[in-house]
Amino acid sequence: MLTIYRSDDVGAPVLNGYPGSLINVLDACLVNGYGDKPPVGWAKPFSDVNKAVYRPPAGNRFYLRVVDTANYAAQVLGYREMTSVDLGVEPFPAAAQLANGLYLYRSNAYSLDARAWLLLATDRVLLLWYGFAYPTHGGVGTSCDSFFFGDCPSFMPNDPSLTLIVGRHASSSSASYTNFANRMTAGGTSTGHYLANGFAQLGSAVPCGVLPCSPWNTSTSGSNGPPFPDPITGGLLLDRMRIIEVSGYTNLIRGVIPGIFNVVHQYPGTHLTRFQGRGLYQGREFLMLQTGGADGRYAVSLHEDDWLLMV
């Protein structure tokens with residue numbers, strides 16, 4: 001079941017610059033629930049002071065480790081297997097790729113001041129959008145980012161390791177954004193994007209990229225394209241986010257990110273604008289989210305079918 005949690009829900013936990021606040025949000029959304037929002041059903045098999053390990057109830061069931069002990073930012077890392085809050089095997093990204101894993105920069109202030117966030121989760125996937133400089137969703141600009149963890153639909157039959165994690169490379173506000181739907185590359189890798197393993201199922205984690213819709217190459221989703229509404233269809237044009245795996249000298253399209261779409265228009269709406277789907281997506285509703293860095297948008301489907309492992 002697709003569930004949407006927001007920082008402005010009644011009883012929602014607060015995300016701020018203090019250690020432990022990210023774990024409070026994840027506990028409430030994934031494990032415990034809050035207010036009238038039931039949890040999505042993830043397990044929390046291991047924990048310690050301001051540390052937690054989460055595991056989805058379905059799919060590959062790889063582990064997400066969160067170390068929320070520092071001010072401003074938390075460390076996030078995927079593992080194929082874990083035996084304690086600090087011990088695991090086959091991390092993604094691997095230690096040789098990023099020694100401390102990825103980061104989630106939850107706030108630009110060391111204070112109890114709340115920060116806006118929105119989390120969408122299923123039994124296999126979570127997407128956390130957060131505005132690290134904004135107390136509410138109103139007036140959101142570029143000081144925001146996104147974190148993704150979970151299984152993705154693969155073009156390869158019986159693909160046992162297409163689990164993706166997307167985070168920041170460093171813990172400061174001046175560090176590069178995750179590039180989630182932002183300055184996407186026409187080939188190669190995107191900052192902060194890692195798969196648990198390559199398509200051959202050999203070796204360690206692999207960096208990956210997200211392919212933008214042609215013909216705008218490296219444009220941010222929602223920052224280029226025809227005017228909205230589209231002159232031909234009269235609606236909103238969307239494109240699946242395809243995952244690129246670099247293999248030798250070749251870029252391979254491994255699969256797609258579930259539930260999340262490139263927006264093929266220039267600024268068709270503001271943060272949290274809702275749109276009705278057309279054509280193949282008739283009867284579906286989409287929510288627009290602001291990207292970090294450049295002034296773009298990406299769309300998330302509010303229909304559960306778009307989050308299933310289907311291509």
From 112, 98, 120, which residue is closer than 17 Å to residue 298 by Cα and either part of a loop (DSSP other than H, G, I, E, B) or at pLDDT 95 or above (or both)? 120
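So which of 61, 80, 65 ends up being of a type in the set (Lys, Arg) and in a loop (DSSP other than H, G, I, E, B)? Before you say what the answer is, go through the steps one by one.
Values: 80 fails: in a loop (DSSP other than H, G, I, E, B); 65 fails: in a loop (DSSP other than H, G, I, E, B).
It is 61.
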State which residue is modelled with the highest pLDDT when the search covers only region 206-246 and only residues that are touching a Lys or Arg at 6+ places or on another chain (Cβ under 7 Å) and among the small types (Gly, Ala, Ser). 235
Set 65, 55, 61, 80: member being out of contact with any helix residue (DSSP H, G or I) (no Cβ under 6 Å at 6 or more places or on another chain) and on the phi > 0 side of the Ramachandran plot: 61
Counting only residues that are among the aliphatic types (A, V, I, L, M), loosely packed, with under 15 Cβ neighbours inside 10 Å and in contact (Cβ under 8 Å) with a residue 60 or more places away in the chain, how many does region 37-69 have? 1
Any idea which residue in region 32-57 is farthest from residue 70 (Cα to Cα), counting only those that are within 21 Å of the chain's Cα centre (by Cα) and assigned to a strand (DSSP E or B)? 37
Would a scan of region 167-178 turn up a residue that is modelled with pLDDT of 90 or more, assigned to a loop (DSSP other than H, G, I, E, B) and under 30 Å from residue 14 (Cβ atoms)? yes
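Can you tell me which residue among 226, 231, 268 is closer than 21 Å to residue 143 by Cα and over 20 Å from the mean Cα position of the chain (by Cα)? Break it down stepwise before answering.
Working: 226 fails: closer than 21 Å to residue 143 by Cα; 231 fails: closer than 21 Å to residue 143 by Cα.
Unique residue meeting the criteria: 268.
The values are calculated or read from the model by the stated rules, or taken from the named source; none is laboratory data. Just so it is clear, the structure is predicted and the values come from calculations on it, not from any experiment. Neighbour counts are summed over all protein chains in view; Cβ atoms, including those assigned to glycine, are modelled from backbone coordinates with ideal geometry.
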